[in-house]
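Right, one structure below, let's go through it.
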Amino acid sequence: MFGKEKKPQRFIVREEQALGLSGIRILIDTQTGVNYLNTIGETCSGLTPLLDENGNTVISPVSEFTEEQ
C-alpha cells in the first residue's frame, strides 16, 4: 500500500521453454546467485538446483542483479 517501498524480486526467470502443456524454467535467486531448474507439468512440478557438467551448482554473479546506488 501507500508509503511502503517496493522490494526487489528475490527470484527472476532467466529462461523459459514451453513443452506442450508443461514447461521448464531457469530461475535465479538474486540474493545468492544460485540457479534452479523449475519443471512445470499438468499434475506435478519440481524445483532443483541447476548443475554444470561437473555436478557443481551453477551460480551467477550476484552483481548482475544488484542495483547501483
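Read the figures in this text as sums done on the coordinates, not as results from a lab. What you are looking at is a predicted structure, and each value in this text was computed from that prediction instead of being measured. Positions of Cβ are generated from backbone atoms using ideal geometry, with glycine treated the same way; all protein chains shown enter the neighbour counts.
For the range 35-69, enumerate the residues that are surrounded by 15 or more Cβ atoms within 10 Å (Cβ to Cβ) and of a type outside the set (Ser, Thr, Tyr).
So in the range 35-69, the residues surrounded by 15 or more Cβ atoms within 10 Å (Cβ to Cβ) come out as 35-38, 40, 50, 58-60, 65.
Those that are surrounded by 15 or more Cβ atoms within 10 Å (Cβ to Cβ) and of a type outside the set (Ser, Thr, Tyr): 35, 37, 38, 40, 50, 58, 59, 65.
Among the residues of the range 52-60, are any closer than 28 Å to residue 6 by Cα and free of Cβ contacts under 8 Å to residues at least 24 places away in the same chain?
no
Contact list please: Cβ distance under 7 Å, first residue in the range 10-21 and at positive phi, second residue part of a strand (DSSP E or B) and β-branched (Val, Ile, Thr), pairs at least six apart or on different chains.
From residues that are at positive phi, there are no pairs.
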